[in-house]
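The values are calculated or read from the model by the stated rules, or taken from the named source; none is laboratory data. These numbers were taken from a predicted model, which means no experiment stands behind them. Please note: Cβ atoms are built from the backbone with ideal geometry, for glycine as well, and neighbour counts cover all protein chains shown.
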Amino acid sequence: MAMIEYEQYEKAIIVSGDGDFACLVRYLNKHSKLEQVVVPDKVRYSALLKKAAGKHLNSMNDLEYKLAYKKKRTP
């Protein structure tokens with residue numbers, strides 16, 4: 001659906017470390033629809049995806065500080 005309906009949205013964020021998505025990532029990048037590719041683990045993900053995503057690649061490890069739940073202190 002992402003390739004078929006790419007005209008219906010501004011940008012796409014792909015969350016995967018699987019190289020099977022490299023073709024989709026290249027297609028979206030070619031059509032200026034790729035915002036970013038987020039891989040779950042910056043150490044273990046497909047080299048095909050790394051090549052296809054280029055500068056759009058980010059990892060969940062790098063987003064941990066933004067996504068982590070922080071317990072509020074009680075006064």
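Listing for the model above:
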| read-out | value |
| --- | --- |
| Selected residue (criterion: farthest from Y27 (Cα to Cα)) from residues of the stretch 42-75 that are out of contact with any Pro (no Cβ under 8 Å at 6 or more places or on another chain), in a helix (DSSP H, G or I) and hydrophobic (A, V, I, L, M, F, W, C) | L67 |
| Total residues in the stretch 1-56, condition among the hydroxyl-bearing types (S, T, Y) and either free of Cβ contacts under 8 Å to residues at least 12 places away in the same chain or over 24 Å from L67 (Cα atoms) (or both) | 4 |
| Residue count, the stretch 5-27 (criterion: closer than 20 Å to M60 by Cβ and either in a helix (DSSP H, G or I) or in contact with a Lys or Arg (Cβ under 8 Å, 6 or more places away or on another chain) (or both)) | 9 |
| Residue list for the stretch 22-58, filter: more than 23 Å from E10 (Cβ to Cβ) and not aliphatic (A, V, I, L, M) | P40, D41, K42, R44, Y45, S46, K50, K51 |
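This table checks each residue for (1) at pLDDT 90 or above; (2) surrounded by 12 or more Cβ atoms within 10 Å (Cβ to Cβ).
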position: Y27; (1), (2): yes, yes
position: S32; (1), (2): yes, no
position: E35; (1), (2): yes, yes
position: S46; (1), (2): yes, yes
position: H56; (1), (2): yes, yes
position: K66; (1), (2): no, no
position: Y69; (1), (2): no, no
